[in-house]
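Everything below concerns the one structure shown next.
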Amino acid sequence: MAAQAITKMNILIADDHANVRRGLREILVDAFSGSHFSEASDGDQVLTQLIKSKHDLLLLDINMPGRSGLEVLKDVKKTYPLLPVIMVSVQPESQYAPRCMQAGATAYINKNSASDDLAPAIRKIIDTGTMPVLIPIPN
């Protein structure tokens, strides 16, 4: 299946700020029409959402209440090693991107550049085959 044909995905957006989740969703709705989005505001909700239903991609904030995004990432990768995880943060890439990648993240996106970088990063993940086989999502 060609990467351009893949537009319907189950995407979990995890951030403790509702406005950030909404903004990330808006960016992705335009680029991946027909996709289904679910949300989580902390690490426990991330793990619950992943248990409840299959997701094709996780956007995970580094700074969340309770357990940090890095701690959650490690748990996610133990249970769902093929799930692509894009870490999002306002923290400098030079400090956090290497730690995130070492912990198993597929990519690191600075929130300040998400409107320009997020959709192309997801397309690159799809193109390189990091994305698991996608199950069509009913409308």
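The values are calculated or read from the model by the stated rules, or taken from the named source; none is laboratory data. Because the structure is predicted, anything quoted here is derived from the model rather than measured. Virtual Cβ from ideal backbone geometry, glycine too; neighbours counted across all protein chains shown.
The table for this structure:
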item	result
Out of ASP61, ASP75, sole residue that is acidic (Asp, Glu), at pLDDT 90 or above and closer than 25 Å to ALA31 by Cβ	ASP61
Some residue of the range 90-100 being among the charged types (D, E, K, R), within 19 Å of LYS8 (Cβ to Cβ), at pLDDT below 90 and not in a loop (DSSP other than H, G, I, E, B)	no
Selection status of ALA40, surrounded by 13 or more Cβ atoms within 10 Å (Cβ to Cβ), closer than 20 Å to MET9 by Cβ, among the small types (Gly, Ala, Ser) and touching a helix residue (DSSP H, G or I) at 6+ places or on another chain (Cβ under 9 Å)	yes
Condition check for ARG67: of a type outside the set (Asp, Glu) and part of a helix (DSSP H, G or I)	no
Filtered residues of the range 101-139 (kept if over 19 Å from ASP30 (Cβ atoms), of a type in the set (S, T, N, Q) and at pLDDT below 80)	THR128, THR130
The range 13-35: number of residues that are modelled with pLDDT under 95 and in a strand (DSSP E or B)	0
Hits in the range 16-53 - residues which are among the acidic types (Asp, Glu) and either closer than 20 Å to THR79 by Cα or in contact with a Gly (Cβ under 8 Å, 6 or more places away or on another chain) (or both)	GLU39, ASP42, ASP44
Total residues in the range 101-112, condition surrounded by fewer than 20 Cβ atoms within 10 Å (Cβ to Cβ), hydrophobic (A, V, I, L, M, F, W, C) and either assigned to a helix (DSSP H, G or I) or touching an Asp or Glu at 6+ places or on another chain (Cβ under 8 Å) (or both)	1
Selection status of LEU82, surrounded by fewer than 21 Cβ atoms within 10 Å (Cβ to Cβ) and assigned to a loop (DSSP other than H, G, I, E, B)	yes
